[in-house]
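Below you'll find the structure, written out as structure tokens, and then a few comments.
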Amino acid sequence: MTAELKPATSYLRIDPEGAAYLEGTRCAACDAVFLGRRENCGRCGARGGMAVVRLGAHGHLYNYTIVYRSYPGVKVPFISAIVDLEGGGTVKGNLLDIEPDPARLEFGMPVRMIFRPAEVASSEGAGFLSHFFIPGVRTHD
């Protein structure tokens, strides 16, 4: 599936086996992890020493917003989530496969990153691959 779709963002990568993942950078000085490539650390200010890393696929819901109104072509309601990834990094993405109801969502709940065609979120997303989150199994406490 991923071979015929183009990455929707500059930090989405597809490995030689066709598996999609998000790329980030880790600071050698303070171990902070960021989404995408950086030359300098946003936490400690270290210059250089940023290593490219493959971000983890599991995390925990840090915060969310249920969006009821959006641009034409964007399917609503949807859950816009901020997720702290295991292994470091914080990523924003839509949370799928769960009812957009605060009673069903819990801060800290485990989630798993998945990759689907972008038209899941927008009618303009045809031909692109994007990351999303779904409720997941906690991998460790």
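Return one quarter of the surface area of the convex hull spanned by the alpha-carbon atoms of the stretch 62-134, equal to its mean projected area, in nm².
So the Cα hull casts an average projection of 4.8 nm².
For the stretch 41-141, which chymotrypsin sites (Phe, Trp or Tyr not before Pro) are in a loop by DSSP, counting at most 11 other Cβ atoms within 10 Å?
68, 107
For the stretch 2-135, count the residues as N, evaluate 2.2 N^0.38 Å, and divide the Cα radius of gyration by that value, please.
Its radius of gyration relative to the 2.2 N^0.38 Å reference: 1.11.
Using a Debye calculation, one point per C-alpha and no hydration shell, please list log10 I(q)/I(0) for the stretch 31-71 at q = 0.15 Å⁻¹ in order.
-0.58
So, R0 is 25 Å and r is the distance between the beta-carbons of residue 17 and residue 137; what FRET efficiency does that work out to, to 0.05?
Between residue 17 and residue 137 the formula returns 0.60.
5 Å is the cut-off here: which amide hydrogens, built 1.01 Å from N in the peptide plane, fall below it relative to residue 32, excluding neighbours closer than 5 in sequence?
27
Mind checking the stretch 39-135 for GluC sites (Glu not before Pro) that DSSP puts in a loop (not H, G, I, E or B) and that have at most 10 other Cβ atoms within 10 Å?
39
Bear in mind these aren't lab numbers, they're just calculated from the coordinates by the rules spelled out. Here the structure is a predicted model, which means the values were calculated and not measured. Positions of Cβ are generated from backbone atoms using ideal geometry, with glycine treated the same way; all protein chains shown enter the neighbour counts.
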